[in-house]
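These notes are about the structure you will find just below.
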Amino acid sequence: MFVIRTFAWLICVVYSTIPLFWMMIHPRPHFWRARSRSPYRILVPVWVAVWIALGIATMHWRSVMVYSADWTWLPAALLFLLGIWLYSRAGLHFSWGQLGGMPEVVANHREQRLVTTGIRARVRHPVYLGHLCEMFAWSIGTGLIVCWALTGFAMITGAVMIRMEDAELEKRFGDKYVDYRQRVGAILPKF
């Protein structure tokens, strides 16, 4: 179990920093697009440094459990499957370049298109929902306080990041995006 708990903690460290990665991009896409070389040469090492810093900051709590019960892996397994399903659906109408943020950081990127079909007809940010499902799965399954705290951190920073991304997409796509945002929920579907 020690290996599983350690793995869960490390996965949650990485997942919880995904909003921070995008928060480096969305407030200043023109800055990144103006670079002659790939902005990922700066962004990825900074992101990895954030993993390391957060890992060091949370390592003392990596084995502190709120609870320990084998049955918690059943709902965790369902959340893992839901997360994988969301990732698979999110990738259907998006290229790897779009999933990796190329339109945000590369000037005149050829894939400057708003996708509102498939899973994105139900939720605007299915990949982020998938991330949350995976983090909740690890949190529920392990009962680790650090996983729960990192999931909470990801939810808070994710909400800020989604607002930044929505503002950037509105600048890029205008009224078409505003209409889409009003019709479709960010993380949870509107009924």
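The values are calculated or read from the model by the stated rules, or taken from the named source; none is laboratory data. Remember, predicted model here, so these are calculated numbers, not experimental data. All Cβ positions, even for glycine, are placed from backbone atoms using ideal geometry, and neighbour counts span all protein chains on display.
Just wondering, is there one or more residues in region 96-107 that are of a type outside the set (S, T, Y) and modelled with pLDDT of 90 or more? No, region 96-107 has no match at all.
The rows are residues; the columns are (1) over 25 Å from I25 (Cβ atoms); (2) among the aromatic types (F, W, Y); (3) surrounded by 19 or more Cβ atoms within 10 Å (Cβ to Cβ).
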{"position": "P126", "(1), (2), (3)": "no, no, yes"}
{"position": "G130", "(1), (2), (3)": "no, no, yes"}
{"position": "M135", "(1), (2), (3)": "no, no, yes"}
{"position": "G141", "(1), (2), (3)": "yes, no, yes"}
{"position": "I145", "(1), (2), (3)": "yes, no, no"}
{"position": "I156", "(1), (2), (3)": "no, no, no"}
{"position": "A159", "(1), (2), (3)": "no, no, no"}
{"position": "R163", "(1), (2), (3)": "no, no, no"}
{"position": "E170", "(1), (2), (3)": "no, no, no"}
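When L129 is tested against (1) farther than 14 Å from T151 by Cβ; (2) in contact with a strand residue (DSSP E or B) (Cβ under 7 Å, 6 or more places away or on another chain), exactly one condition is not met: (1).
For R62, the criteria (1) at pLDDT 95 or above; (2) surrounded by 15 or more Cβ atoms within 10 Å (Cβ to Cβ); (3) under 28 Å from M24 (Cα atoms) hold in every case but one, which is (1).
Here G185, G118 are screened, and the one residue that is among the small types (G, A, S) and modelled with pLDDT under 95 is G118. The condition (being farther than 18 Å from E165 by Cα, outside any helix (DSSP H, G or I), out of contact with any helix residue (DSSP H, G or I) (no Cβ under 6 Å at 6 or more places or on another chain) and modelled with pLDDT under 95) is satisfied by just one residue among R35, R41: R35. The helices (runs of 4 or more DSSP H) located wholly in region 78-191 that include 2 or more residues which are touching a Lys or Arg at 6+ places or on another chain (Cβ under 9 Å) and within 30 Å of R37 (Cβ to Cβ) occupy 96-99, 102-105, 145-173. Residues in region 1-59 that are loosely packed, with under 13 Cβ neighbours inside 10 Å and in contact with a Leu (Cβ under 8 Å, 6 or more places away or on another chain): there are none. Only a single criterion out of (1) free of Cβ contacts under 8 Å to residues at least 40 places away in the same chain; (2) closer than 15 Å to S139 by Cβ; (3) aliphatic (A, V, I, L, M) is not satisfied by I4, namely (1).
The set of residues in region 18-28 that are within 15 Å of V46 (Cα to Cα) and without any contact (Cβ under 8 Å) to a residue 60 or more places away in the chain comprises F21, M24.
If I ask for residues that are among the hydrophobic types (A, V, I, L, M, F, W, C) and more than 25 Å from M24 (Cβ to Cβ), which ones from region 179-191 would you list? The answer is V184, L188, F191.
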